[in-house]
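To start, the structure itself, in structure tokens.
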Amino acid sequence: MPIAVDEFRVADAPDVWRSAGFSVDPDGVCRIGDVRVRLLGDGSGIVGWTLRELPVDRDLDGVPTSRSDAAPAVPATHANGVTSVDHVVLLSPNLARTVSSLAAVGLPPRRERDAELGGQSMRQVFFRLGPVILEVVGAPEAADDGPSSLWGITYVVADIDATAAFFGDRTLPVKDAVQPGRRITTLRHRDLGMSVRTAMISPPILSR
């Protein structure tokens with residue numbers, strides 16, 4: 001079986017996510033597709049994750065990481081229209097080091113893409129963790145010693161326009177995504193009290 005995301009550990013309080021239209025279980029777990037988001041209620045951001053089929057129980061390039069034997073989550077229904085996790089972004093201060101760290105546990109890169117962010121050259125390297133895409137982002141020539149960090153999550157929604165209407169002025173206008181045929185909107189997550197950068201994207205276009 002391939003390595004897959006079981007759980008993201010997020011510092012936000014459960015009630016914050018409930019107010020943003022997510023269903024959260026009494027134990028503070030939000031089930032999105034077959035992925036769990038465990039809401040800890042203390043601190044800020046994504047503070048770690050657990051992965052199924054991880055061959056070695058160790059952190060990945062500075063990201064707190066644990067092995068999991070849990071079965072995939074049973075999906076919940078969310079008022080904001082979220083159905084699954086599309087991708088998670090990992091910021092790397094040293095792309096070569098991060099890619100090597102992932103390869104060492106059996107995660108080879110699938111593809112790369114060069115882009116710009118604020119006028120600075122950036123490279124995106126993509127990995128597959130079960131149904132979730134891992135997008136590693138960093139400057140191609142950077143080689144800093146600091147740890148990588150999980151930066152933000154993009155969710156698939158059933159109806160992007162309905163989701164945008166649900167959030168109203170707490171989300172940016174819907175626009176075309178980089179992926180052909182898909183559309184995306186970015187939440188004003190701080191307006192919602194959320195510490196995790198969050199985007200919503202329309203479902204993938206199925207090839208015929």
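The values are calculated or read from the model by the stated rules, or taken from the named source; none is laboratory data. Quick caveat: nothing in here was measured; it's all calculated off a predicted structure. Cβ placement follows ideal geometry from the backbone for every residue including glycine, while neighbour counts extend to all protein chains displayed. Side chains are part of the model used for accessible areas, which takes the heavy atoms of the whole protein and leaves out ligands, DNA and RNA. Shrake-Rupley method; radii C 1.70, N 1.55, O 1.52, S 1.80 Å.
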(message) If residue 90 meets every condition in (1) free of Cβ contacts under 8 Å to residues at least 24 places away in the same chain; (2) within 25 Å of residue 187 (Cβ to Cβ); (3) in contact with a Phe, Trp or Tyr (Cβ under 9 Å, 6 or more places away or on another chain) apart from one, which number is that one?
(response) (1)
(message) Of all residues being polar (S, T, N, Q) and over 18 Å from the mean Cα position of the chain (by Cα) in segment 108-139, which is surrounded by the fewest Cβ atoms within 10 Å (Cβ to Cβ)? Just the residue, please.
(response) 120
(message) residue 12 - would you say it is open to solvent by 40 Å² or more (accessible area, probe 1.4 Å) and over 13 Å from the mean Cα position of the chain (by Cα)?
(response) no
(request) Spot the failing condition for residue 24; the list is (1) modelled with pLDDT under 95; (2) under 25 Å from residue 158 (Cα atoms); (3) β-branched (Val, Ile, Thr), and only one is missed. (result) (1)
(request) Among the residues of segment 15-33, count how many are within 17 Å of residue 200 (Cα to Cα) and either assigned to a helix (DSSP H, G or I) or open to solvent by less than 50 Å² (accessible area, probe 1.4 Å) (or both). (result) 10
(request) Please state which one of 77, 50, 65 is open to solvent by 80 Å² or more (accessible area, probe 1.4 Å) and polar (S, T, N, Q). (result) 77
(message) Can you go through 56, 47 and tell me which one is assigned to a loop (DSSP other than H, G, I, E, B) and of a type in the set (Val, Ile, Thr)?
(response) 56
(message) For the condition of a type in the set (Asp, Glu) and within 16 Å of residue 152 (Cβ to Cβ), what is the one hit in 61, 57, 12?
(response) 12
(request) Exactly one condition in (1) in a loop (DSSP other than H, G, I, E, B); (2) surrounded by 15 or more Cβ atoms within 10 Å (Cβ to Cβ); (3) aliphatic (A, V, I, L, M) is not met by residue 85; state its number. (result) (1)
(request) Mind listing whichever residues of segment 140-199 are among the charged types (D, E, K, R), crowded, with 16+ Cβ neighbours inside 10 Å and more than 19 Å from the chain's Cα centre (by Cα)? (result) none
(request) Output the number of residues of segment 98-107 satisfying the condition of being surrounded by 16 or more Cβ atoms within 10 Å (Cβ to Cβ) and either over 18 Å from the mean Cα position of the chain (by Cα) or assigned to a strand (DSSP E or B) (or both). (result) 1
